[in-house]
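Taking it in order: structure first as structure tokens, then the write-up.
The values are calculated or read from the model by the stated rules, or taken from the named source; none is laboratory data. In this text, all values refer to a predicted model and were calculated from it rather than measured experimentally. Here the Cβ positions follow ideal geometry from the backbone for every residue, glycine too, while neighbour counts run over all protein chains shown. Just the protein is used for accessible areas: all its heavy atoms, side chains included, with ligands, DNA and RNA removed. Shrake-Rupley method; radii C 1.70, N 1.55, O 1.52, S 1.80 Å.
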Amino acid sequence: MTGVSPACDDRSTTELKAINPIRMGGVEVLPVVEGGKGVAVSNGATCGGWATGGGVGTFSAVNADSYDADGTVIRQVYHGRTRRDRHEELVAYGISGGIAQAREAHERAGGVGRIHMNILWEMGGAERVARGILEGAKGLINGITCGAGMPYRLADIARDFGVHYYPIISSARAFNALWKRAYSKTREWLGGVVYEDPWLAGGHNGLSNSEDPRKPEDPFPRVLKLRQQMREFGLGDVPIIMAGGVWWLEEWEDWIDNPDLGPVAFQFGTRPLLTTESPISDAWKERLLTLKRGDVLLQPFSPTGFYSSAVRNEFLHELEERNERQVAYTSEPVGDHIAEYGVGPRKRVVYLTPHDLARVRHWEVEGHVEA
């Protein structure tokens, strides 16, 4: 974890509880894990740099970059004439890119720490990509982290290649389903369970229908419930990795060496973006260093249908404002929906409530005239 900007460490010095190694994936490591981020963001450079500190580095195996002999990124150009052909090219790019990142991470780490790869289960061709990378980078990858869905076959993949697996879940209920359906058969390869908090984690979050995005829950009771369930399954010594909202370990001292929680590690998602190894632009790094409370939005605008956490920008501001300018309508007069309103060039009639029609007229006066 090298090259952190000095602006990240400007807090006054406080006495921090000692951070002791824990056993994860069969070896002792420091309980700090790099979160796998997106397309070509967590890569071999960030992963290897993180591992050199004795922690767990993670590279993203989602459409990872490959390099030519000069070290230049190979542009992913698709030549297939059919969707199937282009999908095959995408899988091939994903495998070669993942192998390239694994090799770079391994070389940078020099045998220190651990190298994990992160993959999204709902990604097209995910299992083929994962198996292709593990086959082409044998001995270089120690673990596979996987979320974005219910990755039941993750354990089988890990067992076949002799690596540990780390499912990403957002509740004890989700882990219970995975364990009973699949993971109980390969418990020896379960290296840890990543608890990704639905309200604190970046990217797409695992909010269930029973959870309110506007009412965040304290993560401690949720993780405690997960640990209690894991103990019922005989997994009391398997680490839980807290993901989401981790920036200063001082803020998590009550979790460290807590006998109720058992072995816990902490996953840093945003902070590694500020390292010298991070491939994101200097403009983004500067933006992250100037964030204030309220600048990160848990929003419902992702085309996946899931809530997603992102830094507010002009695009999100526009979506928020458009979201506020919505009213329910019916195609026929029903109940209170009796006020006619014309939509589109032909002014197709729909029915609003009188109250909502007044709101619509107000928006039109403000210049929002297209329904």
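G367 meets each of the listed conditions (1) in a loop (DSSP other than H, G, I, E, B); (2) in contact with a strand residue (DSSP E or B) (Cβ under 6 Å, 6 or more places away or on another chain) apart from (2). Only residues that are touching a Leu at 6+ places or on another chain (Cβ under 9 Å) and surrounded by 13 or more Cβ atoms within 10 Å (Cβ to Cβ) were counted across the stretch 307-335, and they come to 11. Might you check whether a residue that is part of a loop (DSSP other than H, G, I, E, B) and within 20 Å of G55 (Cβ to Cβ) occurs anywhere in the stretch 80-95? No, the stretch 80-95 contains no residue that is part of a loop (DSSP other than H, G, I, E, B) and within 20 Å of G55 (Cβ to Cβ). Taking the criterion of being more than 17 Å from G25 (Cβ to Cβ) and not in a loop (DSSP other than H, G, I, E, B), the residues of the stretch 243-272 that qualify are L249, E250, E251, W252, F268, R271, P272. On inspection, E104 does not qualify as surrounded by fewer than 23 Cβ atoms within 10 Å (Cβ to Cβ), free of Cβ contacts under 8 Å to residues at least 40 places away in the same chain and either of a type in the set (S, T, Y) or not in a loop (DSSP other than H, G, I, E, B) (or both). Within the stretch 216-239, the residues that satisfy the criterion of being open to solvent by 50 Å² or more (accessible area, probe 1.4 Å) and within 9 Å of A172 (Cβ to Cβ) are K225, Q228.
Inspect all residues belonging to the stretch 189-208 and state whether any of them is over 16 Å from the mean Cα position of the chain (by Cα), without any contact (Cβ under 8 Å) to a residue 12 or more places away in the chain and open to solvent by 50 Å² or more (accessible area, probe 1.4 Å). Within the stretch 189-208, not a single residue is over 16 Å from the mean Cα position of the chain (by Cα), without any contact (Cβ under 8 Å) to a residue 12 or more places away in the chain and open to solvent by 50 Å² or more (accessible area, probe 1.4 Å). Consider the stretch 74-94 and keep the residues that are closer than 19 Å to V41 by Cβ and in contact (Cβ under 8 Å) with a residue 24 or more places away in the chain. The one that is most open to solvent (accessible area, probe 1.4 Å) is L90. Is one or more of the residues making up the stretch 187-202 over 22 Å from G245 (Cβ atoms) and out of contact with any strand residue (DSSP E or B) (no Cβ under 8 Å at 6 or more places or on another chain)? Yes, the stretch 187-202 contains at least one residue that is over 22 Å from G245 (Cβ atoms) and out of contact with any strand residue (DSSP E or B) (no Cβ under 8 Å at 6 or more places or on another chain). Note on the stretch 294-306: residues that are outside any loop (DSSP other than H, G, I, E, B) and open to solvent by less than 60 Å² (accessible area, probe 1.4 Å) amount to 3.
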